[in-house]
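The values are calculated or read from the model by the stated rules, or taken from the named source; none is laboratory data. If you're wondering where the values come from, they're calculated on a predicted model, not measured in any experiment. Positions of Cβ are generated from backbone atoms using ideal geometry, with glycine treated the same way; all protein chains shown enter the neighbour counts. Only protein heavy atoms, including side chains, enter the accessible area calculation; ligands, DNA and RNA are left aside. Shrake-Rupley method; radii C 1.70, N 1.55, O 1.52, S 1.80 Å.
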Amino acid sequence: MDQKKTILLVMGSIRAGRNCPKITSWVESIGRANSNYEYEMIDLAKWPLPMDDEPGIPALGGYSQPHTQAWSEKIKRASGVIFVTPQFNWGYPAVLKNAIDHLYHEWRDKPVMIVTYGGHGGGRCGKQLRRVAVRLRMRIVPTSPALRLSEAVIREGAELLPDRDFRRFAPLVQRAFSELADQLEGRESVMARMRRKWKAALAVLS
């Protein structure tokens, strides 16, 4: 029996009071409803990766720290990765950049989906993340849902209800999952591949 493909959903925020786990769970629920893959949520708060504690650069491999070795294996074994991240000051959080920068070759050719959220949807941080991911040779799906949070959620501490608040974004998330599945199953069309590569080129040039 073929082993099911595993998709990791990496949460980009460890901030206290974060909405990231709830949003990631909502994204995961859409994936589960539309595919038969295994899904695993990765909370970076539970993956302490101290900065600059490896003597060598990631591109050379040969990690010396157990936590880096474990992180390497986790990413290496994943069939695909979904980054779910807020936008902080027009960029993506340092904890996510640090998690990415701990590795190098493990990201190459990895099918990746980017989901951002924030008051403006997180489009700017999504562009930054795509630019980095392209340079690491990740294969990012063209559709990158940008979920908008209401002012009440952001500034007044109102409860976020993803099924209600993100209803209009659900089709975009489904489309992104479809593009991810096409890569995982080797059925990406020529036009879809051209669109993906075109967006990758734009990310580098922008």
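Values as computed for the structure displayed
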quantity: Residue within segment 188-199 that is at pLDDT 95 or above, over 19 Å from TRP90 (Cβ atoms), touching a strand residue (DSSP E or B) at 6+ places or on another chain (Cβ under 9 Å) and open to solvent by 10 Å² or more (accessible area, probe 1.4 Å) present; calculated: no
quantity: Residue count, segment 108-124 (criterion: under 22 Å from LEU160 (Cα atoms) and either part of a loop (DSSP other than H, G, I, E, B) or without any contact (Cβ under 8 Å) to a residue 12 or more places away in the chain (or both)); calculated: 4
quantity: Selection count, segment 29-39, where residues are in contact (Cβ under 8 Å) with a residue 24 or more places away in the chain and open to solvent by less than 70 Å² (accessible area, probe 1.4 Å); calculated: 5
quantity: Selected residue (only one of PRO21, PRO93, PRO55 is open to solvent by less than 20 Å² (accessible area, probe 1.4 Å), out of contact with any Cys (no Cβ under 8 Å at 6 or more places or on another chain) and not small (Gly, Ala, Ser)); calculated: PRO93
quantity: Residue list for segment 3-22, filter: out of contact with any helix residue (DSSP H, G or I) (no Cβ under 6 Å at 6 or more places or on another chain) and either within 19 Å of SER144 (Cβ to Cβ) or of a type in the set (Ser, Thr, Tyr) (or both); calculated: THR6, ILE7, LEU8, VAL10, ASN19, CYS20
quantity: Pair list, Cβ under 9 Å, 6 or more apart: segment 140-160 residue closer than 30 Å to ASP109 by Cβ, other residue part of a loop (DSSP other than H, G, I, E, B) and open to solvent by 10 Å² or more (accessible area, probe 1.4 Å); calculated: ALA146/GLN87; ALA146/HIS120
quantity: Per-region count, segment 58-87, residues open to solvent by 60 Å² or more (accessible area, probe 1.4 Å) and touching a residue at least 60 places away in the same chain (Cβ under 8 Å); calculated: 1
quantity: Residue within segment 178-201 that is under 20 Å from MET11 (Cα atoms), under 14 Å from the mean Cα position of the chain (by Cα) and in contact (Cβ under 8 Å) with a residue 12 or more places away in the chain present; calculated: yes
quantity: In segment 144-175, the residues that are part of a helix (DSSP H, G or I), open to solvent by 60 Å² or more (accessible area, probe 1.4 Å) and of a type in the set (Asp, Glu); calculated: GLU151, GLU156, ASP163
quantity: Identity of the residue in segment 96-111, touching a Lys or Arg at 6+ places or on another chain (Cβ under 8 Å) and closer than 25 Å to GLY122 by Cα, that ends up most open to solvent (accessible area, probe 1.4 Å); calculated: ARG108
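Conditions (1) assigned to a strand (DSSP E or B); (2) within 25 Å of THR24 (Cβ to Cβ); (3) in contact with a strand residue (DSSP E or B) (Cβ under 8 Å, 6 or more places away or on another chain), marked per residue:
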{"position": "PRO50", "(1), (2), (3)": "no, yes, no"}
{"position": "PRO55", "(1), (2), (3)": "no, no, no"}
{"position": "ALA59", "(1), (2), (3)": "no, no, no"}
{"position": "TYR63", "(1), (2), (3)": "no, no, no"}
{"position": "ALA70", "(1), (2), (3)": "no, yes, no"}
{"position": "LYS76", "(1), (2), (3)": "no, yes, no"}
{"position": "VAL81", "(1), (2), (3)": "yes, yes, yes"}
{"position": "VAL84", "(1), (2), (3)": "yes, yes, yes"}
{"position": "LYS97", "(1), (2), (3)": "no, yes, no"}
